[in-house]
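Notes to accompany the following structure.
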Amino acid sequence: MNFITSKPLWINVLFAVVLCLLLLFLFLVSLGVLTKHGEVLKIPKVTEMSVDEAISRLENAGFEVEIQDSVYKEDLPPRHVIKQFPEPEATVKVNRTVYITVTRTVAPLIEMPNLVGPSFKNAEIVLKQLGLKLGDTTSKPDFAKNSVLNQLYDGKDIAPGTRLPMGSQIDLVLGSGLADVDMAVPDLYGKTYAEARVWLDSFGISVVPIADPDVNDVEEAFIYRQNPGRYNLDKRVNRIRPGQMVDVWLSVLPKPRPDTLNAATPPPAGEAPATSPSNNY
């Protein structure tokens, strides 16, 4: 204490300033050592490596690692690095965090869209956007040419909203337009809707059911009226082409055949009699 008070004031002030500068210098030097100021490293490439291998390599090189995202890639093995930031060979400070994106182990589930109705081109675009694959395409006669008539998964119709793994293959049935060859309109009277539908589907003709109010099971209901009918008003056999439709009216129980040209009138002379859908036309 006597050492300080015995000296002139300016010497004490000078001593304090020098001491502060010395302390500041020591602080800056120690800060550089603690933070490894000026030390830089190049980030190694870890893409295409497994997650465990990539993390080990980066940590051993002096970097922190964080998994930023995971995505599904069908053509790559799961838990592999597909992207890193900063990029490989980038020069950064030691202890810098490297963010990696890895492949998922399980494919995410996708809701099946409704592709029926729009064009085939639109269906292709939607499937690609959702990460689904276009499988086989088949066609059947229908007036809406190149429109999607059915969407199939594993050979069965798949309803919109059904969840299935990304990358699943979807088959499409497309309309091919109206065929050039026509056929006689079959007599569907007394057949069930299921029988008529299965038979006419084989010829590319659609059946539109119109059920009575008391019908609960359309498939097993009986046809008592159709349009177009077997014969026209001139007692000639009506013709129909694949891709066209037949409207049918359905009841719970079979009804007596009405005396109408469409169903009951016998064919004119020279015409073959009407046969059931179980025969070929």
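Computed values, structure above
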item	result
Cβ-based net charge around ARG104, under 9 Å, with every Lys or Arg adding one and every Asp or Glu removing one	+2
For ASN238, distant residues with modelled amide H under 5 Å away	VAL185, TYR231, ASN232
For ALA221, residues with placed amide H under 5 Å, excluding near neighbours	TYR193, ALA194
Globularity index of region 40-103, i.e. its alpha-carbon radius of gyration over 2.2 N^0.38 Å	1.05
Of LYS191/LYS235; LYS73/LYS121; LYS73/LYS145, pairs whose Cα-Cα distance is over 28 Å	LYS73/LYS145
Formal net charge of residues neighbouring VAL207 (Cβ-Cβ distance under 12 Å; K, R +1; D, E -1)	-2
Cα-based reach from LYS42 at 24 Å (exclusive), listing lysines while leaving out same-chain residues under 8 positions away	LYS83, LYS93
Whole-Hz couplings from phi, Karplus 6.51/-1.76/1.60, listed for region 164-170; x for Gly and Pro	8, x, 4, x, 5, 9, 10
Scattering profile of region 73-177 at q = 0.18, 0.20, 0.22, 0.24 Å⁻¹ [log10 I(q)/I(0), Debye over alpha-carbon scatterers]	-0.85, -0.97, -1.10, -1.22
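Read-outs: derived from the displayed coordinates by stated rules, not from any lab. Just so we're clear, the structure is a prediction, and the values are computed from it rather than from any experiment. Glycine gets a Cβ as well: all are built from the backbone with ideal geometry, and neighbour counts include every protein chain shown.
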